[in-house]
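Notes to accompany the following structure.
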Amino acid sequence: MKTIITLLTAVLLFSACSGSADPKPSSDNTELLEQIVRLETEKRILEAEHLFLQEQLTWYSRILPYVMTDQPDTTVTASADLDGNGRKESIRLDLYGGHSLFLLTINEQPLMGLGENIDPVIHLLDLDTEDSFLEVAIAESGPSDDYFTTFYRWTPDGFYSPGRVGGRPGAGITIHGNGTLTALTRGQILHTWFYDRDIQINRFGYLTGVPTGYYPMNTPVTALVDLSLNTTPDGCGDTIRVNTGDTLVIVASDDQRLLQIQTADGQTGFLELEGFDRIRGTSYNGRDAFVGLNYAD
Ligand SMILES: [Ca+2]
Ligand SMILES: [Ca+2]
């Protein structure tokens with residue numbers, strides 16, 4: 001699959017930019033490119049989930065001996081009909097003091113979760129008012145107010161977690177009730193920045209990002225080197241020169257590879273990154289190229 005996507009991307013990017021008087025790709029190509037971007041995005045999500053699960057497994061194996069002997073020092077209970085069958089589920093959240101874990105038990109079925117500074121609160125949320133489920137959410141403050149919230153569903157097919165998002169209910173998470181939510185999310189590229197990400201519960205019952213395009217960043221910076229922006233995100237448009245010392249605003253990003261940048265004279269261009277912050281086609285990273293970026297732990 002990876003080879004096919006790489007090949008298709010190469011063929012389409014090549015055909016989109018070369019030998020054509022019309023810089024716009026055909027609608028067929030646009031559709032295929034969109035599909036590739038979607039597949040790439042899904043692949044990255046799966047890779048991230050895989051990594052998360054691997055980390056969880058490591059944690060479980062380290063923490064399990066403590067849990068087997070320790071009693072919870074905080075227990076919170078709630079009851080609600082989580083699957084819409086008319087019978088209330090009993091819900092219990094057990095916290096174990098200094099340990100970075102919690103035990104969520106629904107109808108005597110336990111599921112272990114991980115997190116730091118876990119709120120002793122069982123949130124009952126309704127992601128989609130049209131379906132029969134009511135979701136349980138457990139929030140944490142992390143090591144330094146990095147809020148995260150993990151969702152859980154109790155269904156006839158099992159008790160599972162649809163996913164974990166940034167923010168926590170009432171502080172960075174807004175539930176829209178139509179199967180989507182907005183979560184304050186930490187950006188994955190360039191520097192420390194946060195944006196409101198639209199997330200949906202997909203048809204498989206898992207939380208995935210809604211492909212939105214660009215998220216606002218609005219970071220003023222000064223160029224430390226000469227750079228070339230391009231008027232189009234695919235790099236096939238005109239070049240906009242940026243000189244050392246120019247003041248710029250990084251207006252937005254797709255949080256994957258593209259930065260949308262506005263120059264002091266009001267032009268808008270795109271800059272492509274590779275990995276976290278390497279500027280494509282150069283040996284510069286973010287710190288080399290800009291002053292004004294934020295780096296928080
Ligand atoms: Ca029920
Ligand atoms: Ca519902």
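The values are calculated or read from the model by the stated rules, or taken from the named source; none is laboratory data. Please read these numbers as outputs of a predicted model, since none were measured by experiment. Glycine also receives a Cβ, built like all others from the backbone with ideal geometry; neighbour counts cover every protein chain displayed.
Structural remarks
- Check on D146, closer than 25 Å to L46 by Cβ and assigned to a loop (DSSP other than H, G, I, E, B): yes
- Screening S161 with (1) within 16 Å of ligand 1 (Cβ to nearest atom); (2) part of a strand (DSSP E or B) gives one miss only, at (1).
- The residues of region 128-156 that are within 16 Å of ligand 2 (Cβ to nearest atom) and of a type outside the set (F, W, Y), listed by number, are D128, T129, E130, D131, S132, L134, E135, V136, A137, R153, T155, P156.
- Yes/no for Y152 being surrounded by fewer than 19 Cβ atoms within 10 Å (Cβ to Cβ), modelled with pLDDT of 90 or more and under 20 Å from W59 (Cβ atoms): no
- Taking the criterion of being exposed (fewer than 15 other Cβ atoms within 10 Å of the Cβ) and of a type in the set (S, T, Y), the residues of region 266-294 that qualify are T268, S283.
- Selection within region 110-127: residues that are under 18 Å from P162 (Cβ atoms), surrounded by fewer than 17 Cβ atoms within 10 Å (Cβ to Cβ) and modelled with pLDDT of 90 or more. The member of this set that is farthest from ligand 2 (Cβ to nearest atom) is L124.
- Enumeration of residues in region 67-109 that are assigned to a loop (DSSP other than H, G, I, E, B), charged (D, E, K, R), farther than 12 Å from F159 by Cβ and modelled with pLDDT under 95: D70, D73
- Residues located in region 88-103, provided they are within 23 Å of G179 (Cα to Cα) and either buried (at least 16 other Cβ atoms within 10 Å of the Cβ) or more than 16 Å from ligand 2 (Cβ to nearest atom) (or both): E89, I91
- For region 189-265, the strands (runs of 3 or more DSSP E) that sit wholly inside it and include 3 or more residues that are closer than 19 Å to G172 by Cβ and within 17 Å of the chain's Cα centre (by Cα) are 194-201, 207-209, 215-223.
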